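Everything below concerns the one structure shown next.
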Amino acid sequence: MMRPTLLVSGLILGISAGSSLAAKEPFEVLQQARLDWEAGKHGKAIERVAKLKSSLMADHIALLRASWLREQGQLKEAMEAAESALALNPPSEVRARVYREIALIHIAENDLLSAYRAQRRAWKHAKNPEFSSSLVAELAKVFELNARPGDALRLYRSIWSSWPLSEQGTAAFNQSRYLERATGAPPAEVDTLILLAERLRESYRCERAIEAYDEAEHHPELKPEAKREIDRGRADCLFQTRRYPEAVGAYAELEKAEPANLDFAIRLARSYARGRETTTALKKLRAIEKRGRGRVRARAQYLQAVLLRDRQPKEADRLYRAVEKQQTLPSLARIARWALAWSQFNQGKYEASIRRLEPLVRGSRYDVEVQRAQYWTAIARRRLKQVQGNAGLQKIVDETPLSYYGFIAADRLGQKPRWDQGSVGARTLGDATRAELRTRTLVQAGIETAARDELESWMRAGKLSREERVTAAGLWQQVGDHFRGVRLIVDGFGGTLDEGVDPAWREAWELAWPQPFSSRVKAAIKEFEFDPSLVYAVMREESTYRPGIVSPADARGLMQIIPPTAQRIADQLKLNSFEVEQLFLPEINIRFGTFYLQQLLAKFDGTKAYAIASYNAGPDAVKTWLNDQPYESIDRFVESVPYGETRRYLRKVMRSQRVYELLYRDEAPADSARRPAQLDTLANR
């Protein structure tokens, strides 16, 4: 249920009762002015906004007038409009836009010094890194065009050093290197380059980090201690980007240089293991276990156990027990305890498994690892005494029906999901805030850039109530930022989302699991006769609906497709003109992702869990797991996946698919070939 807009004619923009515009809603006036401008009726557009005298929207109106007047060459009038906007004390992001406009006016007057001063004020007030970096880049290009490369170089360096994760960061780094060569300027300080690389690595932007490490490594003032820091970071990036043979070489050099540092030895062993050199990895880990103490020894024992789990289960259990008993790494002890409980369950030692699981069920009911322990405790008890086991499953269904384990517990009990129930509480609809009214007016008028600025300022103004989060999330999604909308709801509602859809707050669940790019999804599912709930679930868990995102493994776009896979898909679809950059286009990415999911589903005879696991880990890995051990039920397969990342991914996607299915089941295709997907049967095969 959306709050009424409360945009009473004439009240929001202050249109006088006698005005010919008074019969229209305020957003319609702004919208018409925008349409006039886009149609080339510039004078008419400026005339329309000039008549809007409002205390509520006056700063936005003055900024819009300033921009249009500048583009018409009326620089004096534009400056007056911009200064009048500043006098109204606008919020931070709007103030930044005003200073940017003043800078553009000064650029048009060829007053670069004043433009620089205004632009500095703009990025001081801007809180959004993307906006801030774009402001600096804009000015840097102006200095370049005006034959001032030294000033441009300083600005480009400030972009990649201050906002390394922004979209402008890569281009600014490359352009600063070009200007260094072109002008003979000395390179950036080596410490600055290393800091850049470290920030990129910590944010999993390893391809860019490696470039920065390489640049620092060739710096004329590089010192030995800095070289070691570069080598460590570069090795970590090679591992993160799955370049395991290169990571082996890099860690081997580090271990050789610092033989006493067993952390390098462990990372080297992990690189061998990931590169499928298991025998070498085990040999290294045994040597570390003998030499190490405390945490290092526990890590070496745990990694050995993981590698030996299928080959030598008894030896793996011995190592897990050693890790379980140690106290230097409690989190690892808990993981080892789960591994032992799972081993005992699979051996049919249900009472022993229950005893090990009991400490793991303590904790927040919203913690997925606690839910896992609760679920398998109930299944083990069910094997011993069905009534007790069913009671444990029912408890999960009652408390967290929309969690992954809530869904599969209901399946085990043969129940339909209990999902439409109150859990949040009464919904209080107060009067719309000033920020909401301003934002909604801009959204309805189609002035999305200004709406985003208003939203940014609103988010930073103070803690939002749940009602305000729902409103703001809806507005973020209206301006196309679905990620921000989802995060607002998930952060504000937390585990409540597991408890079932409260009818009074249904909008919150729809905002947490939205249906963006719906026309693209509909086209793809029609073409490939596929299930929309699975497409949306993969999109949500892969990218949270961000078309431009790139993973550490170079997976791109909404459904996170790596270039080699994309090229194979393009060949199969006979798209001879396909280029990798097209993966950032929603229509291409969704089409390719849907086609690939369809292929994987066919490869695994319609078993969705296998197809979803393959989407993350690759079909060859899943085939290996299935060949090594047949699984009697899907829930046991999910729990037995050896890759922690893939296991967590599976649970998230399977859960999201069910939520989508429940929220939008009336929109699902009726055709049996495209019926809404269920979690694969949990019954024994």
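Taken together, the values in this text are just the output of simple stated rules run on the coordinates, not laboratory data. What you are looking at is a predicted structure, and each value in this text was computed from that prediction instead of being measured. Virtual Cβ from ideal backbone geometry, glycine too; neighbours counted across all protein chains shown.
Observations
- Under a 5 Å amide H cut-off, with hydrogens placed 1.01 Å from N, Val641 pairs with nothing among residues at least 5 apart or on other chains.
- Computed over the chain, the per-residue total of -39500 (n - 2.57) for DSSP H runs of n ≥ 4 gives a 222 nm mean residue ellipticity of -21500 deg cm²/dmol, rounded to 500.
- Within the range 270-285: backbone nitrogen closer than 13 Å to the Arg242 label point (7 Å, Cα to C-beta): 274-276
- With Cα atoms, 0 to 90° folded angle of helix 313-325 axis to the chain main axis: 60 degrees
- Whole-Hz ³J(HN,Hα) from phi, Karplus 6.51 cos²θ - 1.76 cosθ + 1.60, for the range 531-545, glycine and proline x: 8, x, 4, 6, 4, 5, 5, 5, 4, 5, 7, 7, 10, 6, 6
- The chain: translational diffusion in µm²/s, Stokes-Einstein, Kirkwood Rh over Cα pairs, 10 °C, 1.306 mPa s: 55 µm²/s
- Length gained on full extension, Leu195 to Thr544: 122.8 nm, using 0.36 nm per residue less the C-alpha separation.
- Environment charge at Pro330 (Cβ cut-off 13 Å; Lys +1, Arg +1, Asp -1, Glu -1): +3
- Counting Lys and Arg as +1 and Asp and Glu as -1 over every other residue whose Cβ lies under 12 Å from the Cβ of Leu104, the net charge comes to -2.
- Farthest positive-ward along the range 518-674 dipole, Cα basis, beta-carbon charges - from Ala621, Ile590, Met539: Met539
- Partners of Lys227 within straight-line reach, counting aspartates and glutamates whose Cα lies under 17 Å from its Cα and excluding those fewer than 8 residues away in the same chain: Glu189, Asp191, Glu198, Glu211, Asp214, Glu215, Glu217, Asp236, Glu253, Glu255, Glu258.
- Per-residue 3J(HN,Hα) values for the range 185-195, derived from phi via the Karplus relation 6.51 cos²θ - 1.76 cosθ + 1.60 with θ = phi - 60°, read 5, x, x, 4, 4, 4, 5, 5, 5, 5, 4 Hz in sequence order (x marks Gly and Pro).
- Inter-part distance, the range 294-362 to the range 633-668, computed on C-alpha centroids, equals 25 Å.
- Counting all C-alpha pairs of the range 500-567, share separated by more than 14 Å (%): 65 percent
- FRET efficiency estimate (nearest 0.05) - Cβ-Cβ, Tyr643 to Glu202, R0 25 angstrom: 0.65
- For the peptides 482-491, 252-261, residues were scored by their other Cβ atoms within 10 Å and the scores averaged per peptide; the highest-first order is 482-491, 252-261.
- Ordering Gly275, Ile612, Ser465 by Cα displacement along the dipole of the chain toward the positive end leaves Gly275 in first place; charges were set at the Cβ atoms of Lys, Arg (+1) and Asp, Glu (-1).
- Thr278 paired with Arg177, simple spin-label distance in nm, labels 7 Å along Cα-to-beta-carbon: 4.0 nm
- Extending 7 Å from Cα along the Cβ direction at Asn390 and again at Arg362 yields two label points whose distance is 3.1 nm.
- Efficiency of FRET from Cβ geometry, Arg286 and Glu221, R₀ 41 Å, rounded to 0.05: 0.45
- Ranking Phe528, Ile354, Gly233 by Cα position along the charge dipole of the chain, where only Lys, Arg, Asp and Glu carry charges on their C-beta atoms, puts Ile354 farthest toward the positive end.
- Measuring against 20 Å, Cα to Cα, the residue pairs Lys385/Lys416; Lys526/Lys623; Lys349/Lys385; Lys283/Lys314; Lys349/Lys395; Lys395/Lys416 contain Lys385/Lys416; Lys526/Lys623; Lys349/Lys395 as the ones spanning a longer distance.
- Per-peptide average of other Cβ atoms within 10 Å, ordering 315-327, 92-104, 411-423 highest first: 92-104, 315-327, 411-423
- Table column - 3J(HN,Hα) (Hz), the range 223-238, Karplus curve with 6.51, -1.76, 1.60, x for Gly and Pro: 9, x, 5, 5, 4, 5, 5, 5, 4, 5, x, 5, 4, 4, 5, 4
- Once the chain from Ala257 to Thr328 is taken as fully extended at 0.36 nm per residue, the excess over their C-alpha distance is 22.8 nm.
- For the range 518-674, a crude dipole built from +1 on the beta carbon of Lys and Arg and -1 on the beta carbon of Asp and Glu, taken about the Cα centre, is about 240 debye to the nearest 20.
- Peptides 578-584, 461-467, 367-373 ranked from most to least packed by the mean count of surrounding Cβ atoms within 10 Å: 367-373, 578-584, 461-467.
- Under 17 Å from the Ala504 label point (7 Å along Cα→beta-carbon), backbone N, the range 423-444: 423-431
- Residues whose amide H falls under 5 Å from that of Ile561, counting only those 5 or more places apart or on a different chain, are Arg556, with hydrogens built in the peptide plane.
- Pair Glu579, Arg355: separation of 7 Å Cα→Cβ label points (nm): 6.6 nm
- Relative to the Cα centre, the charge distribution of the chain, modelled as +1 at Lys and Arg Cβ and -1 at Asp and Glu Cβ, gives a dipole magnitude of about 2520 debye.
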